[in-house]
Amino acid sequence: MKRFFLFILLLPSLAFGGELSPSVKQEIAYLFNQLKSSGCEFNRNGTWYSASEAVDHLNKKYEYLVRKGLVSSAEEFISRAGSESSFSGKPYQVKCGATQPVQSATWLNAELAKYRKGKG
């Protein structure tokens, strides 16, 4: 019975998510900034969007995940928000200039690796 009450007391903190660490926030902000300034196009559900539109869309998904406590790292952000459509399940793609499109998860993970390498 005591466990049940402890669970009920903890439930509000689980429902509203947790605060992300400053380093995770900084990494995700970096990814948004890199995408927005890249000049690349972003394919979502068969339609190409500007990088700025893509950031707006991904930011909405990111804010939702944070509120729900479903993201605690940049990798989780990429896998849960930045890799595929929640609606259709189709992978997102990024196309920069004349290059072939790549899956957005690949592009975002490469940018994250560059960021971390530059900090180390």
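The values are calculated or read from the model by the stated rules, or taken from the named source; none is laboratory data. Note that the structure is predicted; figures quoted are calculated from it, not measured. Quick reminder, even Gly has a Cβ in these numbers, built from the backbone with ideal geometry, and neighbours come from all protein chains shown. Each accessible area value is taken on the protein alone, full model and side chains, heavy atoms only, with ligands, DNA and RNA left out. Shrake-Rupley method; radii C 1.70, N 1.55, O 1.52, S 1.80 Å.
Contact map, the range 51-71: first residue under 17 Å from N33 (Cβ atoms), second residue among the charged types (D, E, K, R) and open to solvent by 40 Å² or more (accessible area, probe 1.4 Å), Cβ cut-off under 6 Å, separation 6 or more or different chains; pairs are A51/K36; S52/K36; V55/K36.
Residue-by-condition table, conditions (1) β-branched (V, I, T); (2) in contact with a Phe, Trp or Tyr (Cβ under 9 Å, 6 or more places away or on another chain):
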site	(1), (2)
K25	no, no
K36	no, no
G39	no, no
V55	yes, yes
L58	no, yes
Y62	no, yes
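For the range 42-91, a residue qualifies if it is charged (D, E, K, R) and touching a Pro at 6+ places or on another chain (Cβ under 8 Å), and exactly one does: E84. The selection criterion, being in a loop (DSSP other than H, G, I, E, B) and in contact (Cβ under 8 Å) with a residue 40 or more places away in the chain, does not hold for S86. Of F77, F42, all but one fail to be open to solvent by less than 30 Å² (accessible area, probe 1.4 Å), assigned to a strand (DSSP E or B), within 17 Å of N109 (Cβ to Cβ) and touching a residue at least 40 places away in the same chain (Cβ under 8 Å); the exception is F42.
Residue by residue through the range 28-39, note down the ones that are open to solvent by 20 Å² or more (accessible area, probe 1.4 Å) and within 17 Å of the chain's Cα centre (by Cα).
Selection gives A29, Y30, F32, N33, Q34, K36, S37, S38.
The set of residues in the range 45-58 being loosely packed, with under 15 Cβ neighbours inside 10 Å and either small (G, A, S) or within 14 Å of L108 (Cβ to Cβ) (or both) consists of G46, S50, S52.
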